[in-house]
Structures are given as structure tokens and as C-alpha cells.
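Enquirer: I have a structure here, written as C-alpha cells, and I will follow up with some questions on it.
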Amino acid sequence: FTRTTDIEGTMMSKAYDRDLGMGKEITRRDFLNGVALTVAGSMLPPSSLHGLVNPWPQESYYPPAATGMRGSHAGSFEVAHGFRDGQAWTGEDSGEDYDMVVVGGGLSGLSAGFFFHDSAGPDSRVLILDNHDDFGGHAKRNEFSYAGRMLMLNGGTSNLEAINHYSTVARTLLDAVGLDLERAEAADATSRSFYRSLGLTGSTFFSKETFGQNQLVTRSPGASRAEWAAWLSQAPLAENVKHDIVSLETVGTSAGDWSNLSDAAMKARLAAMSYETFLLEHAKVQPEALSFYDDRPKGLFCVGIDALPALFAWAMGYPGFQQLNLRPFSRVGPLTHIGGGQHGREQQFNGGPTVELPDGNATLARLLVRAMIPEALPGSSMEDSIMAQADYSRLDRDGSAVRIRLNSTVVRVEHQGNPENATEVHVTYVGPDGKARLVRAKHVVMACHNDMIPYICPEMSPEQKAALGYGERMPIVYTNVLIQNWTAFANLGIRRVTCPGMYHTSFNLGRAIEMGAYKPPRSPEDPMVLHMTRTPCAPGLSRKEQHRRGRRDLQQTSFETFERQVRDQVGRALSTGGFDPARDIKAITVNRWPHGYSYSYDPLSDPVEWSLFESDDRPCVIGRQRFGRISIANSDAAATPHTDAAIDEGYRAVGEQFVVRSREKHG
């Protein structure tokens with residue numbers, strides 16, 4: 001595959017589509033393409049839905065094996081959009097009563113269900129409702145079956161970050177459900193050591209549409225000026241741009257008038273400007289150099305350098321700040337975990353390893369389900385859970401103490417009487433058949449997205465509703481691509497390809513983690529799952545507006561568009577290694593998350609105190625206040641997408657309801 005393309009021209013031609021393999025049959029290519037399936041079609045009875053989502057030759061309902069458009073899939077969002085836009089439902093009384101109903105089956109919701117049932121006792125009744133066809137929220141797994149073997153990769157929440165910073169609550173939960181961090185880290189190391197043993201490195205693909213010609217530059221630049229210059233000599237960049245990058249990376253920019261400022265004043269100045277502004281106005285780099293750096297923060301912040309505070313860039317080790325001689329943060333000071341509660345804290349002071357599992361944090365979701373409904377996931381250890389196939393028919397059974405009900409979107413949660421005196425909450429949800437049903441609960445934890453809670457809980461005060469609606473969740477896509485072998489990577493000596501300015505910012509070989517009976521690829525002739533990341537942005541607009549536009553982008557983009565972009569990008573980048581997208585790509589799963597990472601504060605968009613400290617006037621604090629028998633648990637409530645925050649918020653919310661329970665019991 002050696003043909004190059006102009007994105008506006010030949011890429012869209014039928015001949016080029018044939019070169020890419022757009023006419024080839026791939027696994028479940030036409031299912032859930034994001035535009036073809038209607039709301040009515042997404043509300044088929046469960047017996048019909050089971051057949052749709054399962055590409056395996058078996059009758060059981062098994063969402064992890066579905067490919068095509070996943071994540072926020074067709075059928076998961078239409079009802080929510082309907083009641084957001086004013087549609088109303090009257091629920092038929094189901095006759096069901098629960099001690100606790102949890103709205104949202106992500107990691108925070110599953111944790112809340114576990115905490116409540118574990119503390120209230122085996123006779124307590126818990127119902128967890130979720131709008132997706134699978135549990136776990138963003139912590140989903142993708143499975144692929146090819147050439148007699150099964151491969152897997154995360155479809156969302158990727159890893160356990162900075163585990164040394166986890167609270168006692170979070171670490172205790174992991175231990176209680178069987179996720180042993182030491183064993184998990186040892187297993188994770190098998191992937192890193194395997195790729196190191198092959199000598200595979202990173203690389204950068206300079207695309208024609210961004211840099212004027214297609215050029216893959218392998219390996220990493222190194223640290224010295226000579227090493228950087230040698231690496232950049234292969235890149236299609238002007239000499240003055242190369243000079244700026246070398247200087248920025250190796251010596252930084254002159255302190256200039258900053259030398260007269262105190263350390264605190266310099267940090268305040270950096271907090272008030274973007275990294276792009278710092279590069280242009282202080283470092284004085286050529287504007288053409290910005291494309292080389294713009295994608296760097298997107299995987300963490302879902303925006304480019306135009307909306308990344310320069311202070312955060314410095315905290316994460318981005319180049320250019322060397323001559324400012326800024327003092328490191330105090331190990332115990334309030335700025336230690338700078339990064340707006342988002343990402344970046346793992347760079348600070350013994351955050352500990354980042355632990356990856358074969359399917360990402362879906363392992364934690366599955367272990368939580370096993371702890372509450374043991375018959376739903378065979379086995380008893382973290383290791384045997386990896387290859388265990390979940391039995392979805394056992395999630396929602398009559399008589400079970402804990403029930404998880406999927407394909408069910410909650411549209412109304414309201415107290416029966418005054419919120420502080422009511423003894424019951426009515427929860428109305430719309431099931432996969434399109435019918436609304438009502439269940440009763442003594443307590444409710446809202447573990448869905450904050451921005452939907454004001455629509456679901458209309459009794460709340462205007463102040464609390466405004467606080468809940470303040471943030472804008474950050475859109476992101478994880479695309480997983482099954483290829484029949486990875487000899488092209490081996491031929492080129494690479495594992496990862498960074499692609500500045502392209503549709504997906506990067507792609508890399510999937511995890512090769514050995515755990516339990518799971519056998520990852522070990523030969524370049526084996527099939528492999530590639531992982532690709534996309535963050536739709538709108539540079540130049542405010543951060544919130546970029547997130548809004550990115551969300552609309554993901555909701556409106558068809559699977560066919562994603563497929564074409566995947567084939568073109570991987571095909572061009574790996575062409576010199578012998579990769580042929582028409583021949584080598586066997587399946588594509590697009591995990592789109594229009595409501596992805598939780599919104600976190602930063603000094604370019606929000607009051608500086610919200611992003612640097614933990615003030616009580618932050619919207620996340622005001623929004624998460626208990627409302628009678630309703631508490632709020634999600635990562636939004638902490639203004640951070642970290643998994644430990646989701647767990648901690650679930651614990652807090654359940655604790656609030658136990659206070660209500662205790663007061664009721666003791667008068």
C-alpha cells in the first residue's frame with residue numbers, strides 16, 4: 001500500500017476506497033453505524049436485541065463481542081435526548097420495591113451498589129439501572145475472535161493511575177473485590193518487557209495534509225541537541241522550524257523579562273496563558289512548529305495546546321520552561337496535585353505505577369459485578385476473571401438481592417412528599433421495549449452524568465441544578481482495530497505511531513499482558529488489536545464550546561467515516577512496512593464517548609481557585625449535596641475522571657444515605 005492521498009481529493013474517490021478495502025466485509029460492519037438504526041429499532045424486545053448485538057456463533061446476549069459503533073451506541077442515548085427536549089413519560093407501576101436504586105452502572109454506580117449491599121446486609125435489595133447494553137459505564141471491554149483465538153482491549157477507561165495516591169476507601173474496595181494491585185502490576189510488566197525484548201520503539205508520522213508530505217520517522221529523538229537535530233533531519237519541516245524545536249526541547253527559552261518575577265508570580269502568569277501563547281509570545285517559535293505539539297495534551301485534556309494552561313504544561317514536563325528555574329511544588333502543599341484534578345497529578349511525587357489490565361478497567365467492573373452477583377461471572381480470582389464469560393442472563397433475576405438492569409434509561413426520580421420527610425422515592429425508567437416503568441426505593445444514588453440530573457430530578461433547587469450543569473464532559477474516541485498480523489510494525493521496528501494533526505492522534509499495538517489463561521499475541525504473525533485515539537476539537541474557541549462541538553461531531557459521524565479514516569491513516573503510516581488495509585484489517589470497533597471524561601477546572605476557563613485548590617464553592621461540591629433520599633455519586637462530583645475518584649464519590653453518597661437511614665431508624 002504505497003499510494004498517497006490528498007484528503008480533500010483522491011481520498012474520497014471510489015478507486016481509493018477500493019484500495020483501502022472499504023468494499024471488504026468486516027465483522028459486524030453494518031451494525032450500529034450510528035445513523036442507520038432508528039430509535040424504534042433500538043427498542044426491540046430483549047430477545048431480538050440479543051441477536052443483534054452478538055456476532056459470535058452462539059445465542060447468548062454478549063455485548064463485549066459486538067463491533068461497529070460502540071461506546072455511546074445507538075439505543076443508549078435517544079431516550080435521554082427525548083426527555084432533555086421535553087418529552088415526558090408516565091411509568092407503569094412495576095410493583096418492585098428496593099432499599100437502594102442506583103442510577104448508572106459505571107464504576108461509581110457499581111461501587112455504590114457494592115458499598116450499600118455490603119453494609120446493609122445480604123437481605124438488602126439493590127437495583128442498578130443503566131442505559132447501555134453493557135455494565136461498566138466507560139469501563140468497557142472489546143473482544144475479538146479471529147484465527148482460533150480471542151483478543152481483547154479496553155473500549156474506554158484505560159488504567160488505574162497513580163495508585164499510591166489512592167484513598168484507603170479505594171484501595172480497600174479493590175482488595176475486597178479481588179483486584180490485587182501488586183499482582184496486576186506484575187502482569188502489566190509482562191507486556192512492557194515483551195515489547196522491549198523486541199526493540200520496538202515509538203515513531204511519528206508526518207502527514208501530507210499537515211506537513212506537506214507523508215513521512216514516517218521512526219524511533220524517539222533522544223535528549224541532546226545533536227540527537228534532536230538528527231531525528232528532525234528526516235522530518236518534512238522547514239529548517240527554521242526544526243531549529244525552534246531543537247532549542248525548545250534541549251535548552252528552553254530565555255527567561256527574558258520573567259527573570260524579574262518571583263516564583264509565585266511566574267506561576268500565576270503561566271496559569272493565565274495557554275501553552276500555545278507561551279510558545280508563540282515568549283518562546284517565539286515559528287507558528288508552523290505548533291502542529292508538532294498541538295496533539296500532545298489531547299489524550300488527557302481533550303483539547304489542544306490553545307486551551308491548555310501553560311502552568312499545566314510545565315507541571316507535566318512539556319518543553320520550553322527550563323530557563324525559568326521554577327521551583328518544584330511542595331510534597332505536602334495544596335498545589336502538589338496540580339492539573340485541575342484532571343491529569344498530571346501522576347507526574348508528582350511517587351504517584352506510583354499506572355496499572356493496565358488486558359481489558360482496561362473493565363476488569364474492575366466485572367469484579368464488582370461478581371462480588372454482588374457471583375453467578376454472573378464464573379471464578380474466584382482476578383486472573384480467572386479475564387477469560388471468564390459473563391452470563392448476562394443472571395444480572396436481573398427475580399429474587400436476587402442485587403439486580404443490574406441494562407438498556408434502561410431513567411427519566412424521573414422524585415420523592416413522595418417533602419424531600420426531607422419523605423420515606424420513599426419513585427424512579428421511572430424506559431426499557432428496551434420503549435415502555436416506562438416505575439420502581440420504588442427507600443434510597444437513591446444518582447451515578448449518571450451530572451448534566452442529566454436536573455432533568456431527571458426536577459425538584460432540586462435552581463442553584464443545585466445550575467451547579468450540576470456547569471461542566472461540559474469531554475468527548476473522546478477509542479477505536480480498536482483487529483489486524484490479521486503485525487509484521488508491518490516488526491518490519492519498521494515500532495510499536496506506536498504518533499500522528500500530529502490527523503483524524504486519530506495516534507495508534508499503537510495493543511497490550512500484550514499475560515494474565516491467567518489469557519494468551520496475548522507473541523509473534524508478529526499473530527493477529528493483533530490496534531488502539532487508536534481521537535479527540536474532536538475546535539481550536540480557537542473556549543474549552544467548553546470545543547467540548548460541545550466535539551460532542552456533536554461524534555454524534556453525527558457515521559461508522560463508515562471512521563472506517564475510511566482508520567484505513568487511510570494506518571495504511572499511509574505503515575505503507576513502507578508492507579501494511580495493506582484492504583488485506584490486513586479484519587474488524588473495527590469504534591468506542592465513541594461524546595460524554596467522555598468528567599469536566600475538570602482550569603485557570604483559563606474557571607476561577608483560579610477552583611483549578612488549583614479544593615474550594616467549597618466549586619460547582620462539583622455544590623452540585624453533589626444530598627437531596628433528601630437522593631445522593632449523587634459520579635466522577636463529575638469530584639471534577640476528575642480518575643477511577644479512584646469515582647469509587648470515593650460512590651462511598652460518600654452511600655454514606656450520606658446511611659445517615660438518613662440511621663436517623664429514620666432512631667427517630
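Enquirer: So which residues in segment 344-374 are within 16 Å of Tyr166 (Cβ to Cβ), modelled with pLDDT under 85 and either open to solvent by 10 Å² or more (accessible area, probe 1.4 Å) or among the basic types (Lys, Arg) (or both)?
Expert: Of everything in segment 344-374, those that are within 16 Å of Tyr166 (Cβ to Cβ), modelled with pLDDT under 85 and either open to solvent by 10 Å² or more (accessible area, probe 1.4 Å) or among the basic types (Lys, Arg) (or both) turn out to be Arg345, Glu346, Gln348, Phe349, Asn350, Gly352, Pro353.
Enquirer: Check Leu151 against each of (1) over 21 Å from Ile494 (Cβ atoms); (2) at pLDDT 95 or above and name the one condition it does not meet.
Expert: (1)
Enquirer: Is one or more of the residues making up segment 537-548 in contact with a Pro (Cβ under 6 Å, 6 or more places away or on another chain) and within 18 Å of His504 (Cβ to Cβ)?
Expert: Looking through segment 537-548, none of the residues is in contact with a Pro (Cβ under 6 Å, 6 or more places away or on another chain) and within 18 Å of His504 (Cβ to Cβ).
Enquirer: List the helices (runs of 4 or more DSSP H) that sit entirely inside segment 574-667 and contain at least 2 residues that are open to solvent by less than 10 Å² (accessible area, probe 1.4 Å) and of a type in the set (A, V, I, L, M, F, W, C).
Expert: It comes to 643-666.
Condition check ((1) in a helix (DSSP H, G or I); (2) open to solvent by 10 Å² or more (accessible area, probe 1.4 Å); (3) in contact with a strand residue (DSSP E or B) (Cβ under 8 Å, 6 or more places away or on another chain)) across all residues:
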| site | (1), (2), (3) |
| --- | --- |
| Pro458 | no, yes, yes |
| Gly471 | no, yes, no |
| Leu482 | no, no, yes |
| Tyr503 | no, yes, yes |
| Arg511 | no, yes, yes |
| Ser523 | no, yes, no |
| Leu530 | no, no, yes |
| Arg551 | yes, yes, yes |
| Phe562 | yes, no, yes |
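Enquirer: Scan segment 437-448 and tell me whether some residue there is open to solvent by less than 50 Å² (accessible area, probe 1.4 Å) and more than 30 Å from Asp175 (Cβ to Cβ).
Expert: The answer is yes, given that some residue of segment 437-448 is open to solvent by less than 50 Å² (accessible area, probe 1.4 Å) and more than 30 Å from Asp175 (Cβ to Cβ).
Enquirer: Those residues that are in contact (Cβ under 8 Å) with a residue 60 or more places away in the chain and closer than 15 Å to Val427 by Cβ, I need them from segment 399-417; list them, please.
Expert: Matches in segment 399-417: Arg403, Ile404, Arg405, Ser408, Thr409, Val410, Val411, Arg412, Val413, His415.
Enquirer: Ok, one more. With respect to Tyr166, is the statement that it is open to solvent by 10 Å² or more (accessible area, probe 1.4 Å) and closer than 17 Å to Asn634 by Cα true?
Expert: For Tyr166, the condition - open to solvent by 10 Å² or more (accessible area, probe 1.4 Å) and closer than 17 Å to Asn634 by Cα - is met.
Enquirer: May I pose another question? Out of segment 253-262, which residues are touching a residue at least 60 places away in the same chain (Cβ under 8 Å) and in a helix (DSSP H, G or I)?
Expert: Residue satisfying the conditions is Trp258 alone.
Enquirer: What are the residues in segment 383-400 that are surrounded by fewer than 16 Cβ atoms within 10 Å (Cβ to Cβ) and small (Gly, Ala, Ser), if any?
Expert: Across segment 383-400, the qualifying residues are Ser393, Gly399.
Enquirer: Just to be sure I understand the filter: pairs with C-beta atoms under 7 Å, separated by 6 or more residues or on different chains, first member in segment 603-618 and farther than 14 Å from Tyr470 by Cβ, second member surrounded by 13 or more Cβ atoms within 10 Å (Cβ to Cβ) and of a type in the set (Phe, Trp, Tyr). Which pairs pass?
Expert: Hits for this filter: zero, empty list.
Enquirer: I would also like to ask the following. Quick check on Arg219: is it open to solvent by 20 Å² or more (accessible area, probe 1.4 Å) and modelled with pLDDT of 95 or more?
Expert: Numbers: open to solvent by 20 Å² or more (accessible area, probe 1.4 Å): yes; modelled with pLDDT of 95 or more: no.
No; evaluated as a whole, the condition is false for this residue.
Enquirer: If you take the residues of segment 255-285 that are surrounded by 14 or more Cβ atoms within 10 Å (Cβ to Cβ) and among the hydroxyl-bearing types (Ser, Thr, Tyr), which of them is farthest from the chain's Cα centre (by Cα)?
Expert: Filtering first and then ranking leaves Thr277.
Enquirer: Regarding Ser197, is this residue closer than 30 Å to Asp384 by Cα and surrounded by 19 or more Cβ atoms within 10 Å (Cβ to Cβ)? Outline the logic, then answer.
Expert: Numbers: closer than 30 Å to Asp384 by Cα: yes; surrounded by 19 or more Cβ atoms within 10 Å (Cβ to Cβ): no.
For Ser197, the condition - closer than 30 Å to Asp384 by Cα and surrounded by 19 or more Cβ atoms within 10 Å (Cβ to Cβ) - is not met.
Enquirer: Now, a different point. Going through segment 441-456 one residue at a time, which ones are part of a strand (DSSP E or B) and in contact with a Phe, Trp or Tyr (Cβ under 7 Å, 6 or more places away or on another chain)?
Expert: Passing the criteria: only Ala441.
Enquirer: I've got another one for you. Being under 13 Å from Arg366 (Cα atoms) and basic (Lys, Arg) is the filter here, so list the residues in segment 106-161 that pass it.
Expert: Lys140, Arg141
Enquirer: With respect to Thr277, is the statement that it is of a type outside the set (Lys, Arg), out of contact with any Gly (no Cβ under 6 Å at 6 or more places or on another chain) and in contact (Cβ under 8 Å) with a residue 24 or more places away in the chain true?
Expert: So Thr277 passes the test.
Enquirer: Can you name every residue in segment 411-436 that is open to solvent by less than 20 Å² (accessible area, probe 1.4 Å), part of a strand (DSSP E or B) and within 25 Å of Phe115 (Cα to Cα)? Working first, answer last.
Expert: Here is the first cut: in segment 411-436, the ones open to solvent by less than 20 Å² (accessible area, probe 1.4 Å) are 411, 413, 415, 422, 425, 427-431, 436.
Filter again for part of a strand (DSSP E or B), leaving 411, 413, 415, 425, 427-430, 436.
Listed by number, the residues that qualify are Val411, Val413, His415, Val425, Val427, Thr428, Tyr429.
Enquirer: Condition check: over 24 Å from Met452 (Cα atoms), in contact (Cβ under 8 Å) with a residue 24 or more places away in the chain, out of contact with any His (no Cβ under 6 Å at 6 or more places or on another chain) and surrounded by fewer than 19 Cβ atoms within 10 Å (Cβ to Cβ). Does Pro539 satisfy that?
Expert: Yes.
Enquirer: So, one more: Would you confirm, using the coordinates I've provided, whether His595 is farther than 24 Å from Phe144 by Cα and touching a Lys or Arg at 6+ places or on another chain (Cβ under 8 Å)?
Expert: So His595 fits the description; yes.
The values are calculated or read from the model by the stated rules, or taken from the named source; none is laboratory data. Because the structure is predicted, anything quoted here is derived from the model rather than measured. FYI the Cβ positions are ideal-geometry reconstructions off the backbone, even for glycines, and counts take in every protein chain you see. Please note that ligands, DNA and RNA were not included when accessible areas were found on the heavy atoms of the full protein model with its side chains. Shrake-Rupley method; radii C 1.70, N 1.55, O 1.52, S 1.80 Å.
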